[in-house]
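**Student:** Please read through the structure below; I'll follow up with questions.
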Amino acid sequence: MPNSYVKRILNANIYDLVTETPVDFAPQLSERLHNRVLLKREDLQPVFSFKLRGAYNRMLKLSEDERARGVVAASAGNHAQGVALAARTLGVKATIVMPRTTPQIKIRAVKALGAKVVLAGDSFEAASEHAARLVAEWKMVYIHPFDDPEVIAGQGTVALELLRQISGPLDAIFVCVGGGGLCAGIAAYVKFVRPEVRIIAVEPDDAACLKAALDKNRRVKLKTVGLFADGAAVAQIGKETFRVLKQTIDDVVTVSTDEICAAIKDIFEDTRSIAEPAGALSVAGMKKYIEQHNLKGQSLVAIVSGANMNFDRLRYISERTEIGEKREAILAVTIPEQPGSFKQFCHLIHRRMITEFNYRMGDPQQAHIFVGVQVESDRDRQELLDTLQQHGYPVVDMTDNEMAKLHIRYMVGGRVSSASEELVYRFEFPERPGALFNFLNKVGNSWNISMFHYRNHGAAFGRVLAGFEVPAAERRHLPAFLEDLGYEYSDETLNPAYQFFLRG
């Protein structure tokens, strides 16, 4: 039973290395959301993540023989740093297997702590498989990042501190979920001590392994996992963590990349600290849960779980923040191709800030413009759409169109009449040095590439939009060609963003 974890948590003697992190009141979030919002600052740990708690607690339980043999861990970064620091403190040899997609800031940090780093695979699962082979070969001890009772108990010390630090009412705690160690530890302790407090798990919508398991009432393995929130990019919830979570949590919320980006900005504005995407999951989930359930006047805690992020990724996050906060609408608007049309259009929306405006002449009768406009909310965005349509402007809302946001906004430039046989696909591949070259090498010379857009924005996955000139007689060969590439892809030929701005 989860109750068995309470004693383990109380006996976790980790504070010679682990910091008791503060709980900060978030004034701006509280005012905007009409609730008392508190942030548990696990980003202030010595390794900038809660993972140190579980790693150190597990390694304190090693026997002398196990310490002499050394430890192995598989991690995208935060658990790796926790194991590395714990190993250095205890004088234990540590080898860390990390996916090749791991941000450089985390790789450098692990090496600086004295651990040996081995890069293997493009996901946590691939790294784990490699780590298992090393354990079998070298007879070292595997330190699991989440699915171990002592690791779970170490993470559960967050709850022990939290309940002691907060005075007055507490209605809900929002906790990020990757493999589930942090959420399982917190939920097991809180539900024993304060069962009335709701525990809300939060996952990225492209890596929602807990929600998938709860829906099926059994652990399932996701076919693909998004890597934007790399600290929570786990394809299957842990066996032990799922056993605990299905008995203790009250709800699960999934959030989009844009919502995570907006939460990173929210945390910065209240703390002047920059959380990593997985570190901001809880705030993103809290905001969404408040909106879904119309909560007001409650006392809510979000666990800011980490702050290990490549600086380059801020560029991408900044671009997506306004959409995630529902403060920007991305629109494709058709206006007459005649003098004065732009002026009339701008006059119609003069009270709103235009954030982006892209156009190139492509038709003598009508112009298609790609425009970003500041809005206040989803309702305000709909009012803008209604206003434009009432004044005779055909408009398509592209605010949730990934192709438009990732590619088209940087490509609006005109049509090519000769590309009449063009088919358009969007691809994703693990981002690392040489990845784009490898992609182009695989694409080869099967068909002429009529359009290509790639932009490196610091994310874990590279994204390409490509057009291929494929004669009708050869299109039956295309499905096999795309599958042989081995990349995630989607057919975007009918995407309205392409149809409006780039179709030949």
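**Student:** How much length, in nm to one decimal, is gained on full extension between D386 and S490, taken as 0.36 nm per residue of separation minus their Cα-Cα distance?
**Tutor:** Numbers: separation 104, 0.36 × 104 = 37.44 nm, distance 3.06 nm.
Full-extension gain reported as 34.4 nm.
**Student:** Please arrange C261, C183, C346 by how many other C-beta atoms lie within 10 Å of their C-beta, fewest to most. Please list the in-between numbers first.
**Tutor:** Numbers: C261 26, C183 35, C346 13.
Sorted ascending by nearby Cβ count, the order is C346, C261, C183.
**Student:** On C-alpha positions alone, give me the angle between the axis of helix 181-193 and the longest principal axis of the chain, in degrees, nearest 10.
**Tutor:** Relative to the chain, helix 181-193 is tipped by roughly 60 degrees.
**Student:** Also, I was wondering about something else. How tilted is helix 124-138 with respect to the longest principal axis of the chain? Cα atoms for both, answer in degrees (0 to 90, nearest 10).
**Tutor:** It is inclined by approximately 40 degrees.
**Student:** Okay, next question. Go through 190-196, 332-338 and give me the packing order, highest mean Cβ count within 10 Å leading. If you can, show how the numbers build up before the last one.
**Tutor:** Working: 190-196: 15.6, 332-338: 17.1.
Ranked by mean Cβ neighbours within 10 Å, highest first: 332-338, 190-196.
**Student:** Under the rule a/c < 1.5 gives rounded, and otherwise a/b versus b/c splits prolate from oblate, where does the stretch 140-285 land using the Cα gyration tensor? Please list the in-between numbers first.
**Tutor:** Values: a/c = 1.45, a/b = 1.03, b/c = 1.40.
Rounded, since a/c falls under 1.5.
**Student:** Using a Debye calculation, one point per C-alpha and no hydration shell, please list log10 I(q)/I(0) for the chain at q = 0.10 Å⁻¹ in order.
**Tutor:** The Cα Debye sum returns log10 ratios of -0.82.
**Student:** Here's a follow-up. For the stretch 1-98, calculate the relative contact order in percent as a whole number, restricting contacts to Cα pairs under 8 Å that are 6 or more residues apart. Write out the running numbers ahead of the final one.
**Tutor:** Working: 112 pairs, mean separation 22.1, N = 98.
Computed value for the stretch 1-98: 23 percent relative contact order.
**Student:** Mind checking the angle between helix 281-293 and the chain's longest principal axis? C-alpha axes, 0 to 90 degrees, to the nearest 10.
**Tutor:** Here the helix axis deviates by roughly 70 degrees.
**Student:** Can you give the calculated 222 nm mean residue ellipticity of the chain, where each DSSP H run of n ≥ 4 adds -39,500 (n - 2.57) and the sum is split over every residue, rounded to the nearest 500 deg cm²/dmol?
**Tutor:** Values: 20 runs with 204 residues, N = 504.
Roughly -12000 deg cm²/dmol at 222 nm, from the helical runs in the chain.
**Student:** Given labels modelled 7 Å from the Cα in the Cβ direction, how far is it in nm from N448 to Q338?
**Tutor:** 3.7
**Student:** Here's a follow-up. Each residue of the stretch 309-316 in turn: what ³J(HN,Hα) in whole Hz from Karplus with 6.51, -1.76, 1.60 and θ = phi - 60°, glycine and Pro shown as x?
**Tutor:** 9, 4, 4, 4, 5, 4, 4, 5
**Student:** Let me ask something else about it. Kindly identify the stretch 52-142 as rounded, prolate or oblate by the Cα gyration tensor criterion: order the square roots of the eigenvalues as a ≥ b ≥ c, call it rounded if a/c is under 1.5, otherwise compare a/b with b/c, prolate if a/b is larger, else oblate.
**Tutor:** Working: a/c = 1.96, a/b = 1.29, b/c = 1.51.
Oblate shape, in that a/c is at least 1.5 and b/c is the bigger or equal ratio.
**Student:** Here's another thing I want to ask about it. Sort 73-84, 218-229 by packing, meaning the average of other beta carbons within 10 Å per residue, with the highest value first. Can you show the working numbers first?
**Tutor:** Working: 73-84: 30.2, 218-229: 17.5.
Highest mean packing first, the order is 73-84, 218-229.
**Student:** What ranking of L385, L119 emerges when the number of other C-beta atoms within 10 Å of each C-beta is taken as an exposure proxy, fewest first?
**Tutor:** Numbers: L385 19, L119 16.
Taking fewest neighbouring Cβ atoms as first place, the list is L119, L385.
**Student:** If we count other beta carbons within 10 Å of each Cβ, what is the order of E402, E42, E129, fewest first? Don't skip to the end; give the middle numbers.
**Tutor:** Working: E402 17, E42 28, E129 14.
Fewest-to-most Cβ neighbours within 10 Å comes out as E129, E402, E42.
**Student:** A further question follows. Return the percentage of antiparallel bridges among DSSP beta bridges fully within the chain, rounded to the nearest 5 %.
**Tutor:** On the way: 39 of 68 bridges.
Antiparallel: roughly 55 percent of the beta bridges in the chain.
Every read-out reported here was derived from the displayed coordinates using simple, explicitly stated rules and does not represent laboratory data. Since the model is a prediction, treat every value here as computed from it, not as a measurement. FYI the Cβ positions are ideal-geometry reconstructions off the backbone, even for glycines, and counts take in every protein chain you see.
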